[in-house]
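Reading through the C-alpha cells given below for one structure.
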Amino acid sequence: MSSEIKILKNDVDEALSKLQSSTNALTTSLPASIGSNNVLDTVKKMNQLNQALNQVAEAYKALLQQNEESTRQSVEFMAEADKQISSFIKMQ
C-alpha cells in the first residue's frame, strides 16, 4: 500500500475552472413577484417560495465559489509544500 498522495495539478485546475464557469453561469431566474394585484393566498405563497428558492440558489452559488477558492488554495499549498520537501531531501 502506497502512502503517496498524487495530485495532478493541471487536472485539478481544469476541473476548478469548469466549476467556476458553471458557478458563474448559474442564474436565479424565478420571478420575484407574480400576480402583483392578486390577493389570493396561493399567489402570496408562490411569491414567498420563489423568493426563498432565489435565496437558496444564491447561497448555493456563494458556497460553490468558496469551495472552489478553498480547493484552489489547498492545492497550491500542497504543491508548495511538496517543492519545499523535495528541496530539503535533495540537500541531504
Going toward the positive end of the dipole of the chain, with +1 on Lys and Arg Cβ and -1 on Asp and Glu Cβ, which of VAL75, THR42, SER86 do you reach last? THR42
Per-residue ellipticity at 222 nm attributable to helices in the chain (runs of n ≥ 4 DSSP H, -39500 (n - 2.57) apiece, nearest 500 deg cm²/dmol) works out to -27000 deg cm²/dmol
Charge dipole (debye, nearest 20) of the chain; +1 at Cβ of Lys and Arg, -1 at Cβ of Asp and Glu: 180 debye
To the nearest 10 degrees, how steep is helix 9-25 against the longest Cα principal axis of the chain, on a 0 to 90 scale? 10 degrees
Net charge of Cβ neighbours under 13 Å - reference LYS9; Lys, Arg +1; Asp, Glu -1: -3
Taking every pair of distinct Cα atoms and averaging 1/r, then inverting, what Kirkwood hydrodynamic radius in Å comes out for the chain? 17.1 Å
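Throughout, read-outs are computed from the coordinates displayed, never taken from laboratory work. Predicted model only: the values in this text are computed from it and were never measured. FYI the Cβ positions are ideal-geometry reconstructions off the backbone, even for glycines, and counts take in every protein chain you see.
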